[in-house]
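A quick write-up on the structure given underneath.
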Amino acid sequence: LQETALAELTKISATKDLTNWRVQYLGKKSELNALSKQMGGLRQEERPLFGERVNEVRNALEAAYLERQTALAAAEQALRLAQETIDITLPGRAIGRGAIHPISRVIQEIEDIFLGMGFSIVDGPEIETDHYNFELLNLPKDHPARDMQDTFYLSDELLLRTHTSPMQVRTMERMQGDVPIKVIVPGRVYRRDEDDATHSHQFTQIEGLVVGEGIRMSDLKGTLESFAKALFGPEQRVRLRPSYFPFTEPSAEVDLLCVHCHGEGCRVCKGTGWIEILGAGMVHPRVLDMSGYDSTRYSGFAFGMGPERIAMLRYGISDIRLLYQNDLRFLAQFARA
Ligand code: FA5
């Protein structure tokens, strides 16, 4: 019995298996225990010898068990320590650094340029009334030009603003006839446009408004040219095209040269060589009058530009949707060194 038990014990290589061995050879139902119980059936003179022998075996097994347990535990601990070793000479894992989003960056740059020209920055609501978004901008309910800006309506009167132009009216109302007014208004706008390389259903605009005495179209043109040269350098060419907006007269659209141009097949400028970045014009006399400014005395210009389009030119981005997909591989390129 002792031999078998000891032989079995040497085969055990994990402390968790030791318990089974202990139950089998030293437990209540073990052969050894059964032997001790048989003592009662022995003759008087046989008992001490038998008992002594059983005890010897038990002691030997228990000692062997303890020895094995100590050895195995030590080996297991050594293995664990070896596996858990921390190599303190390894360099740490770098923490990813964020970057300012290209749209925010362009807006900040544009704000800086206009602040330098004496403009101040104001904010307006993204949920607008039909009244401010359209009617006070000379776009009554049945006006066909409402189709130019397909609208997300929230109710009959409430909508997501389709442009930042309602802030022209809100600013004039707040200024209560005071001049000069020189503000820019950056913010989000929403339109039911089909998304493509240069259109998004949600985008940003920066509105500009200047009102005073003797403000002329040449002031608008000069301001926009200074702006484009401040942003893109003195060589930047600007193109003004006659256009139509119900709230300006005359109206123009302003284009910048396409930096992506692959010629005819260019997705960004559709082969024209130019990208439209803003709409502008002289504030319509009716809009001035409706906002409390006497149009026989005051005049003004306004513009609404698209920072996404400007970011596309600035950073060579060929699809506006990249600006809204939050793909870290794209955004990480804008981290400052
Ligand atoms: C307007 O929104 C007028 N409120 C601009 C204006 C202001 C005119 C003041 C006169 C006086 P328009 O719809 O063209 O105009 O948009 C202006 C600019 O926003 C465009 O030149 C373009 O840069 C940008 N834009 C328009 N639609 C989208 C779109 N779906 N995705 C991205 N940018 C757009």
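The values are calculated or read from the model by the stated rules, or taken from the named source; none is laboratory data. The structure displayed is predicted, hence computed values, not measured ones. All Cβ positions, even for glycine, are placed from backbone atoms using ideal geometry, and neighbour counts span all protein chains on display. Quick note on the areas: whole protein, heavy atoms, side chains included, nothing else; ligands and nucleic acids left out. Shrake-Rupley method; radii C 1.70, N 1.55, O 1.52, S 1.80 Å.
Values as computed for the structure displayed
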read-out: Approximate spin-label separation residue 179-residue 80, in nm, with each point projected 7 Å along Cα-to-Cβ; value: 8.5 nm
read-out: Count of Lys pairs (Cα-Cα under 30 Å; at least 8 positions apart or interchain) in the chain; value: 14
read-out: Most fluctuating residue given options 187, 300, 214, as computed from a GNM of the chain linking Cα atoms under 10 Å; value: 214
read-out: Partnerless cysteines, meaning none of the other Cys C-beta atoms lie under 4.7 Å away, in the chain; value: 266
read-out: Projected label distance in nm at residue 123 and residue 150, using a 7 Å step from Cα toward the beta-carbon; value: 3.1 nm
read-out: Segment 65-204 pair-distance distribution - Cα-Cα, 10 Å bins, rounded %; value: 9, 24, 22, 11, 5, 6, 8, 8, 5, 2, 0
read-out: Interchain or long-range residues, amide H under 5 Å from residue 274's placed H; value: 258
read-out: Placed amide H near residue 197: partners under 5 Å, 5+ positions off or other chain; value: none
read-out: Kirkwood Rh in Å, taken over all unlike Cα pairs in segment 198-337; value: 16.6 Å
read-out: Relative contact order of the chain, pairs being alpha-carbon contacts under 8 Å that are 6 or more residues apart, as %; value: 16 percent
read-out: Range in the chain, longest, excluding exposed GluC sites (Glu not before Pro) [loop by DSSP; at most 11 other beta-carbon atoms within 10 Å]; value: 236-337
read-out: Calculated FRET efficiency for the pair residue 97/residue 225, C-beta based, R₀ 45 Å, to 0.05; value: 0.75
read-out: All-pairs alpha carbon distance profile, the chain, 10 Å steps from 0, percent; value: 5, 19, 21, 12, 5, 3, 4, 6, 8, 8, 6, 3, 1, 0
read-out: Per residue solvent-accessible surface (Å²) - the chain, probe of 1.4 Å; value: 57 Å²
read-out: Whole-angstrom Cα spans of segment 57-118 along principal axes, big to small; value: 102, 22, 15
read-out: Cut-off of 10 Å, at most 16 other beta carbons, DSSP loop: longest stretch of the chain lacking such trypsin sites (Lys or Arg not before Pro); value: 142-191
read-out: Segment 164-317, relative contact order [Cα under 8 Å, separation at least 6], %; value: 26 percent
read-out: Charge context of residue 9, other residues only, Cβ under 12 angstrom, K/R +1, D/E -1; value: -2
read-out: Distant-in-sequence amide H partners of residue 204 (H built 1.01 Å from N, under 5 Å); value: 189, 308
read-out: Kirkwood Rh in Å, taken over segment 210-290 so that all alpha-carbon pairs contribute; value: 14.0 Å
read-out: Segment 39-180, relative contact order [Cα under 8 Å, separation at least 6], %; value: 16 percent
